[in-house]
Amino acid sequence: MTNDLYAVVGNPISHSKSPRIHSLFASQTGEPVEYTAIQAPLNGFAGTVRQFFARGGKGLNVTVPFKEQAWQLAEHRTERAQKAGAANTLYANSEGLLTADNTDGQGLVTDLDVNHGVDLAGRNILVLGAGGAVRGVLGPLLAARPGALTIANRTVAKAEALVTLFAPEAGETRLSACGFEAPTTPFDLIINGTSASLQGDLPPLSPTVIDPRTVVYDMMYALTTTTFNQWALDHGAQRVYDGLGMLVEQAAESFRVWRGVAPDTAPVIAALRDD
Ligand code: ATR
């Protein structure tokens, strides 16, 4: 039997963990999946996607810097992709239309809820950042019905724009925007969705947003404790998590969308930690 072809597209792509994650899913589930990494030229994303599907490819994951382009290129979008404004998953739907999905937010919520036992319902959440990464996860976070969700960003207008965009999804959740300096009282959960650490920076938050019960989640992951999580530990946080679980969970959700089979993520997360 020949394998069905899948790939992740990005630029750069050589460090992507997606081929390893999906090949572990394939061997675990017995699905006939072959998964590779493709580096698209910065000005050649659409051509790379068309060529992949024209050659019989079944599905793509999309990563930096092409998630918005993937969303635009699609002929059909799932509801969660529509709101996210970006896509990390592409496939042809039953009518043959290039379909965009976004599994990042589901990946984050599953990692928090299932892997770390953090129930979001009624909780007071602080989200840092208002770029594409945060927009991609707000829908699933709000669907978990937190009591309050505050979006803090360096450029406050971008946080305010996200509040306007997601107000229809907020339901009973108090949804608001502010700058980094404004919050001063402890939160149940703080999620770092900024890319500040890529420049070795920290958002200028008051340490009083943390108390010993605060759960801190950095959507980034690294071999050692991330800069943001180290800051949180230094100020008394006792539970800090990085985004490796989210990475594996978004992959698992893509795999489920493509194959109709949900892989067991725990052994895959453990294998990646050991790499
Ligand atoms: P991504 O796809 O990773 O979300 P993005 O859309 O460029 O990338 O958004 C980056 C986010 O990190 C933004 O919230 C950005 O803040 P601004 O909206 O004010 O630009 C935030 N960010 C990037 N560098 C930062 C820094 N050094 N300090 C604080 N926030 C930073």
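Each value in this text was obtained by applying a stated rule to the coordinates, not by laboratory testing. A quick note: this is a predicted structure, and the numbers were derived from the prediction, not measured. Please note: Cβ atoms are built from the backbone with ideal geometry, for glycine as well, and neighbour counts cover all protein chains shown.
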In order over the range 107-118: 3J(HN,Hα) from phi, Karplus 6.51/-1.76/1.60, θ = phi - 60°, whole Hz, x for each Gly or Pro, gives x, 5, 5, 5, 4, 5, 6, 7, 7, 10, x, 9
In degrees from 0 to 90, rounded to the nearest 10, what is the angle of the helix 45-54 Cα long axis to the longest principal axis of the chain?
40 degrees
Radius ratio Rg over Rh of the range 98-210, counting only Cα atoms, Kirkwood formula for Rh
0.95
Least to most buried among E253, E160, by other C-beta atoms within 10 Å and fewest first, runs E160, E253
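For the chain, report the % of Cα-Cα distances exceeding 32 Å. If you can, show how the numbers build up before the last one.
On the way: 8676 of 37675 pairs.
That tail contains 23 percent of the Cα-Cα pairs.
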To the nearest 10 degrees, how steep is helix 244-259 against the longest Cα principal axis of the chain, on a 0 to 90 scale?
40 degrees
Candidates T194, T36, T103, ranked by Gaussian network fluctuation over the chain, Cα under 10 Å, top entry:
T36
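Could you check what % of the DSSP bridge pairs in the range 105-242 are antiparallel, to the nearest 5? Each step should come with its number before you reach the end.
Working: 0 of 21 bridges.
Counting only bridges with both partners in the range 105-242, antiparallel ones make up about 0 percent.
Note down the magnitude of the dipole of the chain about its Cα centre, charges +1 on Lys and Arg C-beta and -1 on Asp and Glu C-beta and zero elsewhere, to the nearest 20 debye.
Values: 20 positive and 27 negative charges, 86 e Å.
Magnitude of the dipole: close to 420 debye.
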The range 37-54 and the range 93-170: distance between their alpha carbon centers, rounded to Å
28 Å
Using each residue's phi in the range 28-42, evaluate 6.51 cos²θ - 1.76 cosθ + 1.60 at θ = phi - 60° and report the 3J(HN,Hα) Karplus result to the nearest Hz, with x for Gly and Pro.
5, 8, x, 6, x, 10, 10, 10, 10, 10, 10, 8, 8, x, 4
When the charge dipole of the range 105-242 is computed with +1 at the Cβ of Lys and Arg and -1 at the Cβ of Asp and Glu, the Cα pointing farthest to the positive end, of N124, G179, L202, is that of G179
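Any idea what the relative contact order of the range 105-242 is, in percent, if you count C-alpha pairs under 8 Å spaced at least 6 apart? Write out the running numbers ahead of the final one.
Details: 270 pairs, mean separation 28.9, N = 138.
With pairs under 8 Å counted, the relative contact order is 21 percent.
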Counting only DSSP beta bridges with both partners in the chain, the antiparallel fraction in percent, to the nearest 5, comes to 15 percent
³J(HN,Hα), Karplus 6.51/-1.76/1.60, whole Hz, each residue of the range 211-221, x for Gly, Pro
10, x, 8, 5, 8, 10, 10, 9, 5, 6, 9
Largest first and in whole Å, what are the equivalent-ellipsoid semi-axes of the range 179-275 based on the Cα gyration tensor, each being the root of 5 times an eigenvalue?
29, 14, 13
